[in-house]
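Encoded as structure tokens, the structure appears first; notes follow it.
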Amino acid sequence: MEHTQYEYVNMPGNTLTKKSVLSVEEDGGYHFSLVNTAGGQDTTVTQQFTPDEMVHFISEGANIVLQRLAVVLGMKSRMSFKALGVNNSVVPVTYAMLESRSISVQNVTLDCVGVERTLEDEEPTTWQLYFLNDGHMYTRSQIDSPVYMKIKSLPETFLKDEEADWVFPDFGKGRLNWEDDLEMYSLFLDRKEELKEDHVSYMRRHPELKAILGDFLQFLLMRKPSDVIEFAADFFSSYSSTAELKPTFAHSEFVNKSAIRTE
């Protein structure tokens, strides 16, 4: 399994990018790689983590999902996990719910719920995010930072499941390119080999299967029936003790030319 995060800041004459990859190794450990690009120069940092260090770890992508679920499901209790700190070390991270408040977007008044996330590093960093009741993020800000982000327009209409207590977005059905997904393609190959071995093992335990199928194909090609389905039903009904007795190969158009007598 692999988690990739890509961040960038575009400023005139000075573009900053940061790409990090966290992957699980065969021994169960974790490998972390970070590439910082500033002024056209790359700086690479790598780090190894043990399975014990990564217990209760939450990635940046899962972090957003967790906060949205906390809002949608109405979580009240404080939550604690682990995350990567500023110096790429694993540090505690806590989540606490904030009081709800009303906001106005495009002259529409909406209620939003806040989540405070604190990364307990050497110098703690705190973010406050507010979400609409359906899980859309409204604002994101970092304490003691002048940067403040919020949505400019109302999100698209959400669909509501009549049997659910929350709403969810209609993202539509996109094409699943599973062959391009390394993990899904690997699972496909593993399952393919597993089924192949299972089928071969079954046929090895039942050699009569090849004989039955061979007889069926031989009769099929000899008689060349117009209705293959009915012919197959006639053929395999002879193996059933409960099937209705009827003329064998009734749907076959085979003519035994050797039985025809000429005057």
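Every number here is computed from the coordinates shown, using simple stated rules; none is lab data. All values reported here derive from a predicted model rather than from experimental measurement. Cβ coordinates were reconstructed from backbone atoms using ideal geometry, including for glycine residues, and neighbour counts include every protein chain displayed.
Before moving on, here are some points about what is shown:
- Between amide H atoms placed 1.01 Å from N, distances below 5 Å from residue 90 occur with 85, all of them 5 or more places distant or on a separate chain.
- The H on the amide N of residue 105, modeled in the peptide plane, is under 5 Å from the matching H of 110, each at least 5 residues off or on a different chain.
- For segment 16-77, the convex hull drawn through the C-alpha positions has a volume of 113 cubic angstrom per residue.
- P(r), alpha carbons of segment 100-151 - 10 Å bins starting at zero, rounded %: 24, 48, 23, 5, 0
- Rounded FRET efficiency, nearest 0.05, which uses the C-beta distance separating residue 180 from residue 7 and R0 of 25 Å: 0.60
- Under the Karplus curve 6.51 cos²θ - 1.76 cosθ + 1.60, θ = phi - 60°, whole-Hz ³J(HN,Hα) for segment 115-124, x wherever Gly or Pro sits: 10, 9, 10, 10, 8, 7, 8, 4, 10, x
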